Structure formats: C-alpha cells, structure tokens
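Values in this text are rule-based calculations from the coordinates and carry no lab data. Source: prediction; values computed, not measured. Ideal geometry is used to build each Cβ from the backbone, glycine not excepted, and the neighbour counts take in all protein chains shown.
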Amino acid sequence: MENTLKSYIPEAAISPIIALLDHDDLSVRIKTERKTRHGDYRRLPNGKHEITINSNLNSYRFLITLIHEIAHFEAYNTYGKNIKPHGKAWKYTFQTLMLPFLNPEIFPMDLLPLLANHFKNPKASSDTDIQLAFALKQFDPPNDKTYVFEVPLGQTFKLYNGKVFKKGNKRVKRIECIEIKTGKLYLFNPNAEVDVLND
C-alpha cells in the first residue's frame, strides 16, 4: 500500500497515513473518476471494511478524502454502526485524525488557514466549503472548463452528463440555473466546472 500511496499523497503524509491504515480488516482501492463522489467507505458483507478513492484527485484533495473515509471506519469502530454518517461522532473523529496533518510540511501555507477554518466544523464534502474547494482546485491540472460563478448571467452551459442549463441569479451560497430541456430550477455550487456554450 505504501508504494501505491506515494503516487497520490504528499511525501510527508505517507508514514502517518500508513499508521492509520494499519488494520487487517481495512483495505483501500484506487478507482477511476466518479463524478458524484471523491471517495467512499463501506463495511463489506464479510465484516471487513473498504475505502475507495478516485485516482484523478490532486495530492491534497486525495489526502483529505482518504482521511475523511478513514474517519468513517474509526467512528464505526469506536461508536458503533448506528451513528449518523456525518454526525458528531464522525466530525470529532475526522477533526482528531486530520489535526496532525495540518502543517506546512504537508500542505502549502496558503491552504492551511482555509483547512483550519474548515475543520472547526467539517462538512460531508469539502466541496460545500466554497473557498476551500476553489483553493484546492488550483492544484488540479489545467483544463478547458469554466466555473459556474464565472459564467455570465443568462449564458447557457453544458454539464459532463450533456444536460444544458441557463445561468440565473446568485443566492446566498448557490447559483440558480434553469435546465433548458425541462425548465426545472437547480441550485449549483459556484465551483462546479462546466462547458460554456456559444449561442
């Protein structure tokens, strides 16, 4: 596992991560990109536990996602199977596991204040923390996508699944967009990446 992880997480994080993964009944699998999630955790029918992580994540997002999923495993072991997936027990476990990693040997200095703020009350997905998600995306390889918040009002754009939307007004945290085909209103994360269409 150590050799595999060297390709995916910052070098200074490898030893402490290997220590966290030192369980006979816990395995980690690297998967091809899934659009709806960065990773997941599940208890298998045979009683063992499995974490999967998307292979296309940058090293900082990969590390945060991996610790997020390890926290599910640890919270399950500590508090039992009846806890809420992203409730108090998981939040406390995630905060505790993440704390030793929040240092400049592992994360760039400009990410650390955003991470410290996020981990005061971690959410089910770091994508819902708009500032942190945008900062993390700066470490992704460049692509030809546009963020929804950059799309002009009234402009049409396309999602990865082919659906076409027209950008509307901004709410407090989300952006209203109308699906062209159905006329339904959807609320978008400002950092969603889309393809702008030339009308």
### Query
If you put +1 on each Lys and Arg Cβ and -1 on each Asp and Glu Cβ, how big is the dipole of the stretch 23-126 around its Cα centre, in Debye rounded to 20?
520
### Query
How far is it, in nm, from the label point at ARG37 to the one at GLN155 when both lie 7 Å from their Cα along the line to the Cβ?
3.3
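Could you give the size of the charge dipole of the stretch 146-196 about its Cα centre, using +1 on the Cβ of each K and R and -1 on the Cβ of each D and E, expressed in debye and rounded to the nearest 20?
Values: 10 positive and 5 negative charges, 46 e Å.
Around 220 debye, computed over the stretch 146-196.
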### Query
Short version: ³J(HN,Hα) in whole Hz for each residue of the stretch 160-174, in order, from phi by Karplus 6.51 cos²θ - 1.76 cosθ + 1.60 (θ = phi - 60°), x for Gly and Pro, what are they?
4, 8, x, 6, 10, 10, 10, 6, x, 7, 8, 8, 4, 10, 10
### Task
Compute the semi-axes of the equivalent ellipsoid of the chain, taking the square root of 5 times each eigenvalue of the Cα gyration tensor, and list them largest first in whole Å.
33, 19, 17
## Note on the structure
Subtracting the Cα-Cα distance of ASN198 and GLU105 from 0.36 nm times their residue separation yields 29.1 nm
### Query
Once the mean 1/r over all distinct Cα pairs of the stretch 132-199 is inverted, what Kirkwood radius in angstroms do you read off?
12.3
## Note on the structure
Dividing the mean separation of Cα pairs under 8 Å (6+ apart) by the residue count of the chain yields a relative contact order in percent of 13
#### Entry: Cα centroid of the stretch 1-80 to Cα centroid of the stretch 97-164, whole Å
19
### Summary
Simple spin-label estimate for THR96/ILE130, 7 Å along Cα→Cβ, in nm, reads 3.4
#### Entry: Highest-MSF residue in the chain out of LYS181, LYS173, LYS91 [GNM, Cα springs under 10 Å]
LYS181
### Anchor LYS81: aspartates and glutamates whose Cα lies under 13 Å away (excluding residues fewer than 8 positions away in-chain)
none
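For the stretch 146-196, what is the number of Lys pairs with C-alpha distance below 12 angstrom, counting only pairs 8 or more positions apart or on separate chains? Before the final figure, lay out the partial values.
Values: LYS158/LYS166; LYS158/LYS167; LYS158/LYS181; LYS163/LYS181; LYS163/LYS184; LYS166/LYS181; LYS166/LYS184.
For the stretch 146-196, the number of qualifying lysine pairs is 7.
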## Note on the structure
Among ILE106, GLN155, THR96, the residue whose Cα sits farthest towards the positive end of the charge dipole of the chain (+1 at Cβ of Lys and Arg, -1 at Cβ of Asp and Glu, taken about the Cα centre) is GLN155
### Task
Per DSSP H run of n ≥ 4, the term is -39500 (n - 2.57); total these for the chain, divide by its residue number, and report the mean residue ellipticity at 222 nm rounded to 500 deg cm²/dmol.
-8500 deg cm²/dmol
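Work out the length of the dipole vector of the chain about its Cα centre, built from +1 on the beta-carbon of each Lys and Arg and -1 on the beta-carbon of each Asp and Glu, and round it to the nearest 20 debye.
Working: 28 positive and 22 negative charges, 216 e Å.
The dipole of the chain has a size of about 1040 debye.
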